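Notes to accompany the following structure.
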Amino acid sequence: MKKDIALRLTPKEASSEEYYKAIVAKQMKVHPDKITAIRVRKRSIDARQREVIVQLHIEAYANAPAPKKEFVQFEYQNVANKPEVVVVGAGPGGLFAALRLIELGYKPLVLERGKEVSERKKDIALINRNNPVNPESNYAFGEGGAGTFSDGKLYTRSTKRGDFNKVLNVFHFHGAQEEILIEAHPHIGTDRLPGVIKKMRESIITAGGEVIFNATVTDIIIDDMSAKGVVLKDGTHITGEAVILATGHSARDIYNMLHSKAIELEAKTWAMGVRVEHPQELIDQIQYHTPDGRGEYLPAASYNFSCQAQERGVYSFCMCPGGFIVPAMTGENEMVVNGMSPAKRNSPFANSGMVVEIRPQDIPDEFRKHGVLAGLAYQKEVERLCYINGGNNLIAPAQRLTDFVNSRLSYDLPPTSYVPGTLSSPLHMVLPQAISSRLQEGFVEFGKWAKGFLDPEAIVLGTESRTSSPVRIPRHPLTLQHVQINGLFPCGEGAGYAGGIASSAIDGEKCADAVARMLE
Ligand SMILES: Cc1cc2nc3c(=O)[nH]c(=O)nc-3n(C[C@H](O)[C@H](O)[C@H](O)COP(=O)(O)OP(=O)(O)OC[C@H]3O[C@@H](n4cnc5c(N)ncnc54)[C@H](O)[C@@H]3O)c2cc1C
């Protein structure tokens, strides 16, 4: 006998099958000894009320052995002699495009400017020791893209559950933990992601596809308004039936190259601000409404805030419970921060981007001479100002949150997870006033909703500037080809069609499908 059951339990009850077996048996009208298996299908935490509840959707079996646990498997056919498609970028967009191309019977040629993930780790370690950033291998560039050294949160606003489930299953098939198929807010963790990414590469290569590292694309070969291939930095020409361009939001050289060739781009809304960090214990106390924090049975708490300030959105972005703030710049004279967490989310810190929506009309006049690239110029200038205020290295300019809100310099700074170090700086003045004044209003508002959030032990670091791209590479809504160039498929976050790992992965699959439709 099988029964689907929804349970609402205390965190302790939900922590062990023994606690809820009796409830399940009662609902199935059998003796607990007759229960042969209980499988959790979905788990979520409801912390809206004073008492935190864990909701479990389970599948219970009684009286007869339960069927074998089955997971979705993927079989990648051999495409070694099939038509070739160029995929630029080995982030989630590019990797999922490549795997989907294989499913559809095409051979992907994945070109990645950075290094394979184990080599990339060494450059990441150097960055954390405050060495100059390698412009081809850093927190944004290299195998797996910007999401490799991250929290690996897998959320999407995609309304198509099927697409999202496929992404989860592909990650699981390549070694991600089973929990991502169960948790309402799944995440993989920075300690596990490199292994998953490596296995995805192995799937591509085993199927006859190619993944080429240290292959920076500098030009697109266009003939009669159709993309025929790309040119690498060393002059090599690589041709294919189509080009999927999945270079992410930090590939400024790609936007410049497209602009210089008069290939149409569009300015778009993005967001900039700071990264805020609190002791995780404090966030647990606030979110779980108890001085005991998360106790033994709950995960590190997260939050998600948004409000309007002076007619623009102010919101938390990419919150990393139990995580670390990381230096996410890609070049010289830039100060950029972001966040990541290990699978267990067990660092004593909770960090999150806190950003202000920036619409194209908000860009100051002095940057307008850059035309459609004005947003990039503005973003770059804010990063430069933060770089100077950190002391011209990877040390981040920082301020106590309470001092930032009250426009005061901090005399000293609280501990932080940011390894290269922090330097006290008047971020309320360093950041453009349009950003800092809205952030100040936003923080005050969030402090009203979450008592204790405006804590003197909380710190803000500048700057969180790469939330998404200020530029879109426009494509036809049905063919997904660039509005002027046939066979060029702008893809993922850098093209402006995704925001996050899961949505970039979904977009990668969509672009591969569109390539197949074009080549049919
Ligand atoms: C530290 C950090 C933490 C994050 N945490 C999360 C999270 O927890 N959850 C989440 O959903 N999102 C997170 N993000 C955002 C997420 O990583 C991105 O949304 C996602 O990776 C975008 O996927 P993409 O494939 O479009 O681009 P990217 O991942 O940026 O990949 C683009 C790839 O293209 C390569 N490339 C660029 N230019 C060239 C060129 N000229 N030639 C060849 N190759 C090129 C780059 O090296 C890169 O590997 C995080 C980002 C960072 C930086």
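The values are calculated or read from the model by the stated rules, or taken from the named source; none is laboratory data. Please read all numbers here as calculations on a predicted model, not as lab measurements. Every residue, glycine among them, receives a Cβ derived from its backbone with ideal geometry; neighbour counts consider all protein chains shown. Protein only, heavy atoms only, side chains kept; ligands, DNA and RNA dropped before computing areas. Shrake-Rupley method; radii C 1.70, N 1.55, O 1.52, S 1.80 Å.
Quick notes on this structure:
- Phi to ³J(HN,Hα) by Karplus 6.51 cos²θ - 1.76 cosθ + 1.60 over the stretch 230-244, Hz, x for Gly, Pro: 9, 10, 8, 3, 7, x, 4, 9, 10, 10, x, 6, 7, 10, 9
- For residue 464, the residues 5 or more places off, or on other chains, whose built amide H falls under 5 Å of its own are 273, 274, 275, 337.
- Annotation: amide H-H contacts under 5 Å for residue 313 (H modelled 1.01 Å from N, sequence separation of 5 or more, or interchain): 357.
- Comparing Cα centroids, the stretch 150-210 and the stretch 340-360 end up 20 angstrom apart.
- Ordering of 85-96, 443-454, 489-500 by packing [mean C-beta count within 10 Å, highest first]: 85-96, 489-500, 443-454
- Surface accessible to a 1.4 Å probe, per residue, for the residues of the stretch 260-347, Å²: 39 Å²
- Carbon and sulfur %, accessible surface of the chain computed with the full protein complex present, 1.4 Å: 50 percent
- With the helix formula -39500 (n - 2.57) applied to DSSP H stretches of n ≥ 4, the chain reaches a computed 222 nm mean residue ellipticity of -8500 deg cm²/dmol.
- If the convex hull is drawn through the Cα atoms of the stretch 459-520, its volume per residue in Å³: 75 Å³
- Sites listed here are GluC sites (Glu not before Pro) in the stretch 1-97 whose DSSP assignment is loop and whose Cβ has at most 14 other Cβ atoms within 10 Å: 51, 70, 75.
- Only lysine pairs 8 or more places apart, or on different chains, with alpha-carbon atoms under 30 angstrom apart are counted in the stretch 267-464, and they number 5.
- Partner lysines for residue 198 [C-alpha distance under 19 Å; skip if fewer than 8 residues away on the same chain]: 107, 115, 121, 122, 153, 166
- Taken one residue at a time, the phi angles of the stretch 403-419 give Karplus couplings (6.51, -1.76, 1.60, θ = phi - 60°) of 5, 4, 5, 9, 6, 10, 6, 8, 6, 9, 10, x, x, 9, 7, 6, 5 Hz. Gly and Pro are set to x.
- Residue 100 accessible area, 1.4 Å probe, all protein chains in place, Å² to nearest 10: 60 Å²
- Once backbone amide H atoms are built at 1.01 Å from N, residue 228 has 221, 222, 223 as its partners under 5 Å, excluding neighbours fewer than 5 places away on the same chain.
- Cα centroid separation - the stretch 231-274 against the stretch 385-426, whole Å: 33 Å
- Looking at the stretch 134-233, the accessible area is 41 square angstrom per residue; that uses a 1.4 Å probe and ignores ligands, DNA and RNA.
- Computed over protein heavy atoms with a 1.4 Å probe, the accessible surface of the stretch 2-62 works out to 60 Å² per residue.
- Ranked by how many other beta carbons lie within 10 Å on average, peptides 323-336, 365-378 from highest: 323-336, 365-378
- Accessible-area value, residue 259, 1.4 Å probe, nucleic acids and ligands omitted, Å²: 80 Å²
- Scalar couplings 3J(HN,Hα) for the stretch 481-492, obtained by applying the Karplus form with A = 6.51, B = -1.76, C = 1.60 to θ = phi - 60°, are 8, 3, 4, 10, 10, 5, x, 9, 10, x, 9, x Hz; x denotes Gly and Pro.
- Heavy-atom accessible area ranking, 1.4 Å probe, most first, across 4, 362, 223: 4, 223, 362
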